[in-house]
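One structure below.
The values are calculated or read from the model by the stated rules, or taken from the named source; none is laboratory data. Source: prediction; values computed, not measured. Glycine gets a Cβ as well: all are built from the backbone with ideal geometry, and neighbour counts include every protein chain shown. Keep in mind that these areas ignore ligands, DNA and RNA; they rest on the heavy atoms of the full protein, side chains included. Shrake-Rupley method; radii C 1.70, N 1.55, O 1.52, S 1.80 Å.
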Amino acid sequence: MRSILLHARDDDAFDVRLQVALDLVRAFDGHLTCLQAVSLDFAMSWDVDGILSAEMAQVVRERAEAFRAKLQVRLAAEDVRWEWDDRIGLGDSVLQEFAALSDVVVVGAGAPKNAAAPSWLAGALVIHARVPVLAVPEGCPGLRCDAPALVCWNGSVESSRALRAAVPLLALAESVTLATVGDGETQGEEVDLPPVQGAEYLARHGIDCEIVRLPWTTRKEVPGQLREAARARNAGLVVMGAYGHSRMLETLLGGVTRDMLSNPPAPLLMAN
């Protein structure tokens, strides 16, 4: 994980995201790219002459430049390699473009104006950019790379991809737990890969792990069980495959991914 892409946005959770990104860069001697998407799309049906829209666009530009100037001073004092880039456009499309040559994208787990709601940006990136996304919860003190890690495993292709993407971080973890809830038969699903195969994959990379099977009750209870398992182990990282079921339904109605993203117990590394 040498190329770290950070969603730079002037919101209450940015300092937390920045700290996690810096922790990642230092852990892997990487390079940090701070990307600020500046949206100037102000469509107002009553603003016929576009005067107000032009004034608002100027204000947005000035705020973005002030944010950039402030953060550049801070980053100059950090002992990491970094760069800052501003692009006009919406956050998801701009970040997707840069994510193509990034090893991981760091975003907030919560929506910018409502931390209790899951980040639509994280969901869009993990589906469309096909790059590991590290979603950082509000109030997170940083990324403890040497802390225990919890891998959420359901035997799907998505969980396998997330496991593979997390190997560099899992190699630094104090311990790794592969947690699965019930089994395919109790969930009414077909499990492609049992947890032992995930453990064998990690073993080939020199990573030992503990397999833990949590009791199955209902799908609604799964996120809570995974969160409790992470907290019980003082996990500094949670890894999971995203949107393993109907993606449209999960995006609109909920699902394990959405629920975990709404209240992650630690930085959440997702892949699809």
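For the stretch 83-160, what log10 I(q)/I(0) values come out of the Debye formula at q = 0.17, 0.19, 0.21, 0.27 1/Å, with one point per alpha carbon and no solvent? Treating every Cα as an identical point scatterer, log10 I(q)/I(0) equals -0.82, -1.00, -1.17, -1.36.
Here the accessible area is traced with a 1.4 Å probe on the protein chains. For the stretch 77-154, carbon and sulfur cover 52 percent of it.
Using the Cβ of A173 as centre and a radius below 11 Å, the other residues enclosed give a net charge of -1, where K and R count +1 and D and E count -1.
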